[in-house]
Amino acid sequence: MALRLADRYWASKPRMLHMLRGIRDSGWCRRTVYLPPTHPDTPDPPNISSLDDIAYVARQSGPSETGLAIFLGEDRAMGIMPPFPLPEYNERSGVHADPLFELLTSEIVTAVILLRLGRYAVGMLRGDRLIASKTGTRYVKSKHRAGGSSQRRFERSRERLVREFFDKTCEVAHSVFSPYQAEIDYVLTGGERHTLGRFVKRCQYFSDLNTRTLKRVLPIHQPDMKALKNVAYETWKSRVMAFEPDM
């Protein structure tokens with residue numbers, strides 16, 4: 001039966017675990033496939049036929065840096081992009097939810113940097129528990145609209161303040177992360193994308209962690225202690241795609 005993408009949404013860890021129990025207990029799933037992370041330039045997953053419903057679900061879901069779990073039934077399917085990478089390709093008949101259960105209940109250690117100009121929040125998560133943190137602010141001038149030499153002086157002064165803010169954030173990140181350096185599994189960032197991009201280029205310590213940095217940017221409005229206390233909720237969200245019969 002032909003399928004169509006009916007819904008796409010984010011699911012928190014508790015909701016995702018509840019959904020997995022529902023898939024396992026309801027009996028509708030006839031086949032389970034776990035696909036490893038894919039690159040945007042290679043959207044077709046390996047090891048499956050291009051005519052397969054699994055391949056259709058994978059293409060509709062799109063590339064994923066964490067991989068894709070697919071549960072396929074006779075008249076429905078569900079694709080799940082977990083918060084952290086799946087280890088390898090796996091395919092079985094029936095429902096096989098154990099790899100996702102294990103991932104979602106694991107004690108993954110995550111380093112988190114939340115950033116907007118003038119404000120930072122840095123934290124360490126073990127599983128979904130915040131085990132270390134530090135927040136702070138540093139003055140950065142707002143953009144100047146005047147013209148001429150006055151504007152150029154203002155821009156030079158502002159850029160100096162921005163560099164000092166980035167350097168301070170980098171120093172704080174190093175002090176918070178260093179005791180857990182050998183344990184860090186992944187790094188996540190949150191806040192303003194443009195600011196994060198400039199910070200990454202400026203902070204050498206962050207560059208050293210680059211191989212463990214996931215591209216997903218957490219939707220954080222205000223980097224502060226309140227955001228850090230709630231950051232595990234965003235960190236552990238999964239992306240869900242629900243498929244129904246194409247009538």
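The values are calculated or read from the model by the stated rules, or taken from the named source; none is laboratory data. Here the structure is a predicted model, which is why all the values come from computation and not from measurement. Because the Cβ atoms are built from the backbone with ideal geometry, glycine has one as well, and the counts that use them run over all protein chains shown.
Observations
- Spans of strands (runs of 3 or more DSSP E) in segment 82-200 with at least 3 residues under 30 Å from D25 (Cα atoms) and modelled with pLDDT under 95: 90-93
- Among the residues of segment 79-93, those that are under 11 Å from A69 (Cα atoms) and surrounded by 21 or more Cβ atoms within 10 Å (Cβ to Cβ) comprise G79, I80, M81, P82, L86.
- Consider segment 122-141 and keep the residues that are among the small types (G, A, S) and under 17 Å from the mean Cα position of the chain (by Cα). The one that is surrounded by the fewest Cβ atoms within 10 Å (Cβ to Cβ) is G127.
- Scanning segment 211-247 for residues that are charged (D, E, K, R) and either assigned to a helix (DSSP H, G or I) or more than 15 Å from L188 (Cα to Cα) (or both) gives R212, D224, K226, K229, E234, R239, E244, D246.
- Test: residue in segment 205-213 that is crowded, with 18+ Cβ neighbours inside 10 Å, in the same structural domain as M124 (by TED's automatic domain parsing) and modelled with pLDDT of 90 or more: no
- Cross-chain or 6+ apart pairs with Cβ under 6 Å, segment 131-145 first and under 14 Å from T195 (Cβ atoms), then of a type in the set (A, V, I, L, M, F, W, C) and modelled with pLDDT of 60 or more: R138/F165; V140/L117; V140/L161; V140/V162; V140/F165
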